[in-house]
1. Taking into account only those residues within region 1-38 that are free of Cβ contacts under 8 Å to residues at least 40 places away in the same chain and hydroxyl-bearing (Ser, Thr, Tyr), which is farthest from PRO144 (Cα to Cα)?
2. Here are VAL12, VAL67: which of them is of a type in the set (A, V, I, L, M), assigned to a strand (DSSP E or B) and modelled with pLDDT of 95 or more?
3. From the residues in region 99-149 that are within 14 Å of VAL88 (Cα to Cα), assigned to a loop (DSSP other than H, G, I, E, B) and of a type in the set (A, V, I, L, M, F, W, C), which one is modelled with the lowest pLDDT?
4. Could you identify the single residue in PHE59, PHE115, PHE66 that is buried (at least 20 other Cβ atoms within 10 Å of the Cβ), out of contact with any Gly (no Cβ under 9 Å at 6 or more places or on another chain) and of a type in the set (A, V, I, L, M, F, W, C)?
5. What are the residues in region 69-87 that are surrounded by 17 or more Cβ atoms within 10 Å (Cβ to Cβ) and either out of contact with any His (no Cβ under 6 Å at 6 or more places or on another chain) or of a type in the set (Val, Ile, Thr) (or both), if any?
6. Can you find, within region 150-178, the residue that is modelled with the lowest pLDDT among those that are closer than 27 Å to ASN30 by Cβ and either part of a loop (DSSP other than H, G, I, E, B) or among the aromatic types (Phe, Trp, Tyr) (or both)?
7. State yes or no: is ASP154 farther than 23 Å from ALA57 by Cα and either more than 11 Å from the chain's Cα centre (by Cα) or of a type outside the set (Val, Ile, Thr) (or both)?
8. When region 39-64 is examined, which residues are found to be free of Cβ contacts under 8 Å to residues at least 60 places away in the same chain, of a type in the set (Gly, Ala, Ser) and in a strand (DSSP E or B)?
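The values are calculated or read from the model by the stated rules, or taken from the named source; none is laboratory data. The structure displayed is predicted, hence computed values, not measured ones. Positions of Cβ are generated from backbone atoms using ideal geometry, with glycine treated the same way; all protein chains shown enter the neighbour counts.
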Amino acid sequence: MILSDTRILEEVEKGSIVITPWDRAKLGSNSYDVHLGKHLAVYKDAVLDAKRHNEVAHFEIPDEGFVLQPDQLYLGVTLEYTETHHHVPFLEGKSSTGRLGIDIHATAGKGDIGFCGHWTLEISCKVPVRIYWGMPIGQLIYFPLEGEVSVAYDKKKGAKYSHQPDRPVESMMWKNSF
């Protein structure tokens, strides 16, 4: 079951879903539109290593936009800061974004209860495309959860992506034991 616009609005008013900045006009019938933040990042090395910290170079999207190139992974970030305390958030691309050939996440579309922060996006494209900060980039949908959560994500020891800033965060896979 997905929360409707009415239920999302109720949860925002109760504080169990936080979206900042909030704009009622961005609330769809069962989702909330999120926008691309000012910052992008690219990995510095051509070959990434899952067992080491892969550094990124951050840059701002200029007002005249930035052209994404195929075969390049970009890390982006949502303009919106979100918190989700009682529902499971999913971030999906908008159909308008997809029709430009832009994918906004490789595998990380599901959030956890207790996630607090800006969403890092794993952006890739099929053809060169000019993007702009502030453009609609995705939509959040919320699912109710069955059962109690024993430890919310923001309280979980070792949670690598809690309280993400308004700049993209690189992979923290290297912090795992394997």
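1. Once the filter is applied, the top-ranked residue is SER29.
2. Details: VAL12 fails: assigned to a strand (DSSP E or B).
Residue meeting the stated conditions: VAL67.
3. Looking at residues that are within 14 Å of VAL88 (Cα to Cα), assigned to a loop (DSSP other than H, G, I, E, B) and of a type in the set (A, V, I, L, M, F, W, C), I get ALA108.
4. PHE115
5. TYR74, LEU75, GLY76, VAL77, THR78, GLU80, THR82, GLU83, THR84, HIS85, HIS87 - these are the residues of region 69-87 that are surrounded by 17 or more Cβ atoms within 10 Å (Cβ to Cβ) and either out of contact with any His (no Cβ under 6 Å at 6 or more places or on another chain) or of a type in the set (Val, Ile, Thr) (or both).
6. Step one: of region 150-178, the residues closer than 27 Å to ASN30 by Cβ are 152-154, 161-162, 164, 166.
From what's left, either part of a loop (DSSP other than H, G, I, E, B) or among the aromatic types (Phe, Trp, Tyr) (or both): 152-153, 161-162, 166.
Details: ALA152: 85, TYR153: 85, TYR161: 83, SER162: 78, ASP166: 90.
Step by step, filter region 150-178, then rank; the result is SER162.
7. yes
8. Across region 39-64, the qualifying residue is only ALA57.
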